[in-house]
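S.K.: Please see the structure below; I have some questions.
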């Protein structure tokens, strides 16, 4: 059963997906984890240069690009590194989290807003929320999501929601616990009005390579989510991520948001060495993943339609 979407939101989805309605989103909104991985990126100019190199070399092979507003979104446009015909998604949340590690809180980047993302030409925004359905801050995270989603409805801008799971103890989530959290998160957060796409973690521990369990868990995410969902890469190897994509798309995912699985080796490179890697290995990887999504992913048009009576603009 399809859901009626507003014209602005539907157009944003069309811009961010392939002609078949599938996502191959190049994720480049990373901030603190890149600074930790390479001390040179403590300098904003160096971090921005890295992101603009990746954008320039890989954006043509993706359906859209996910950037941050601090060092990459406006800079990529100003420098001409983001092709004019390429849609982009811009992050709205601050990097990191507030509160305790077992009761996390998210917030919007100070001075940034959904309205500003709309004004700069973004096709969608991305909101990351730290979420565990049994956390004492779960209600707070749901309220935060609802508030941002309402802003997206107000400005008719698509919302890609990225919930990140965490443990309520000092131990990491087991594979069964991760499955419960990811599936239950999809069930609770995707019905929030204004949420259009779920950017989901793999619903097992990243070292759990049981293909039958992965297929079943991905099917549970599809059953729980009332929006299209896409699989993030979470810094796993390219080979592992490729297997995860096949399982996810065969189980009903609408594509991917891929970052480090494609370009992570470039983080430690600079100059011509970085460009050579991006133009060879990284391009080949992204092209292969894009072909997989185009062939296997479930189109967003299976979820959404729009109505446009001849007087639509009077009520818009």
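The values are calculated or read from the model by the stated rules, or taken from the named source; none is laboratory data. Nothing here was measured: the structure is a model prediction, and the numbers come from that model. Glycine also receives a Cβ, built like all others from the backbone with ideal geometry; neighbour counts cover every protein chain displayed.
S.K.: Criterion first (touching a strand residue (DSSP E or B) at 6+ places or on another chain (Cβ under 7 Å) and either within 20 Å of residue 159 (Cβ to Cβ) or touching a residue at least 24 places away in the same chain (Cβ under 8 Å) (or both)) does residue 74 satisfy it?
M.R.: Answer is no for this residue.
S.K.: State which residue is surrounded by the fewest Cβ atoms within 10 Å (Cβ to Cβ) when the search covers only the stretch 199-222 and only residues that are in contact with a strand residue (DSSP E or B) (Cβ under 9 Å, 6 or more places away or on another chain) and not in a helix (DSSP H, G or I).
M.R.: The residue in question is 201.
S.K.: While we're on this one: Yes or no: the stretch 288-299 includes at least one residue that is closer than 20 Å to residue 34 by Cβ and at pLDDT 95 or above. Spell out the reasoning first.
M.R.: Start the filter on the stretch 288-299 by keeping residues that are closer than 20 Å to residue 34 by Cβ, which leaves none.
Scanning the stretch 288-299, I find no residue that is closer than 20 Å to residue 34 by Cβ and at pLDDT 95 or above, so the answer is no.
S.K.: Is it true that some residue in the stretch 95-104 is free of Cβ contacts under 8 Å to residues at least 40 places away in the same chain, closer than 25 Å to residue 245 by Cβ and in contact with a strand residue (DSSP E or B) (Cβ under 6 Å, 6 or more places away or on another chain)?
M.R.: Within the stretch 95-104, not a single residue is free of Cβ contacts under 8 Å to residues at least 40 places away in the same chain, closer than 25 Å to residue 245 by Cβ and in contact with a strand residue (DSSP E or B) (Cβ under 6 Å, 6 or more places away or on another chain).
S.K.: When only residues in the stretch 181-198 that are surrounded by 19 or more Cβ atoms within 10 Å (Cβ to Cβ) and without any contact (Cβ under 8 Å) to a residue 40 or more places away in the chain count, which is farthest from residue 163 (Cα to Cα)?
M.R.: The qualifying residue farthest from residue 163 (Cα to Cα) is 190.
S.K.: Here's a follow-up. Got at least one residue in the stretch 44-52 being part of a loop (DSSP other than H, G, I, E, B) and surrounded by fewer than 19 Cβ atoms within 10 Å (Cβ to Cβ)?
M.R.: no
S.K.: May I ask you to verify whether residue 91 is within 19 Å of residue 31 (Cβ to Cβ), crowded, with 22+ Cβ neighbours inside 10 Å, in contact (Cβ under 8 Å) with a residue 12 or more places away in the chain and touching a strand residue (DSSP E or B) at 6+ places or on another chain (Cβ under 9 Å)?
M.R.: So residue 91 fits the description; yes.
S.K.: Mind checking which residues of the stretch 257-294 are free of Cβ contacts under 8 Å to residues at least 12 places away in the same chain and not in a helix (DSSP H, G or I)?
M.R.: Residue satisfying the conditions is 269 alone.
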